[in-house]
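Q: To start, I am sharing the structure in question, which I have written as structure tokens.
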Amino acid sequence: MQRTPSGAIVWRVHDDGPDRGIAEVVMDRPPVNALTVAGWFELADTVRTLGGDPAVRALVLRAEGRGFNAGVDIKELQADPGYDALIGANRGCFAAFAAVYECEVPVVAAVNGFCLGGGIGLVGNSDIIVAAEDATFGLPEVDRGALGAATHLARLVPQHKMRAMVYTAEPATARELHAWGSVLAVVPADRLRDEAFAVARGIAAKSGRVIRAAKESLNGIDLWDVRRSYRYEQGFTFELNLSGVSDEARAAFVEGRDAKFDQ
């Protein structure tokens, strides 16, 4: 396994045995896989590079630790007196989500534990999702004074459920998403990687040229432009930050207290 400069992303391409042709990308940034700006860009670059490798026919995206992904590193945003970290996080998330969506081969997301914020952007743009029995999916953005990734949540749950999840910040379970058809399989946590690789093997066994054409064709008939839709959402996040409301929400999160809003 190779590790990116920030240490948050680990990857390899399996080049022999039954897993030949499968690229494996692992988020590994304790304690909760909240990625820094550098981590988001490294994830984007890794997925794009592996997807462009002609030896790769499927990509498994998974995580080590307590959960799949907890979004951006809020402490990094709080430590920046200006807006550079916020702009970087916006651009990094945009790049990573787009890299998953535009990956030249199918992306199988293996979700364990919590999948929050940026994690929703990753799995919502994946081709296939398998989840552990303990997996939950949510957007706590409203509680953090931000918005974003409703574009991707809408690909996972019905429209009114998505709206309720955004407004209340309440998560949905893997079983719920399985019932809606967005999660392919729900398995015990100790079988999650095996399940993801079983799906990926079925893809990797087929013609690489045909699979790449299938991926491109499916993106071409998608019902909406996920890049433009998510970029629109990000504009509201930046607006909320300029208003100052996000400062209090993030400070409360870092300090472990309830936020106090005047409006």
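Q: Out of 249, 169, I need the residue that is open to solvent by less than 90 Å² (accessible area, probe 1.4 Å), within 18 Å of the chain's Cα centre (by Cα) and either under 18 Å from residue 142 (Cβ atoms) or touching a residue at least 12 places away in the same chain (Cβ under 8 Å) (or both). Which one?
A: 169
Q: Output yes when any residue across region 93-102 is more than 14 Å from the chain's Cα centre (by Cα) and at pLDDT 95 or above, and no when none is.
A: no
Q: Then there is this: Tally the residues that are more than 27 Å from residue 211 (Cβ to Cβ), open to solvent by 10 Å² or more (accessible area, probe 1.4 Å) and in contact (Cβ under 8 Å) with a residue 24 or more places away in the chain, restricting the search to region 4-28.
A: Qualifying residue count, region 4-28: 3.
Q: Among 154, 198, which is the only one that is among the hydrophobic types (A, V, I, L, M, F, W, C) and more than 21 Å from residue 230 (Cα to Cα)?
A: 198
The values are calculated or read from the model by the stated rules, or taken from the named source; none is laboratory data. Treat the numbers as computed from the prediction; the structure is a model and nothing was measured. Ideal geometry is used to build each Cβ from the backbone, glycine not excepted, and the neighbour counts take in all protein chains shown. Note: areas computed on protein heavy atoms with side chains; ligands, DNA, RNA excluded. Shrake-Rupley method; radii C 1.70, N 1.55, O 1.52, S 1.80 Å.
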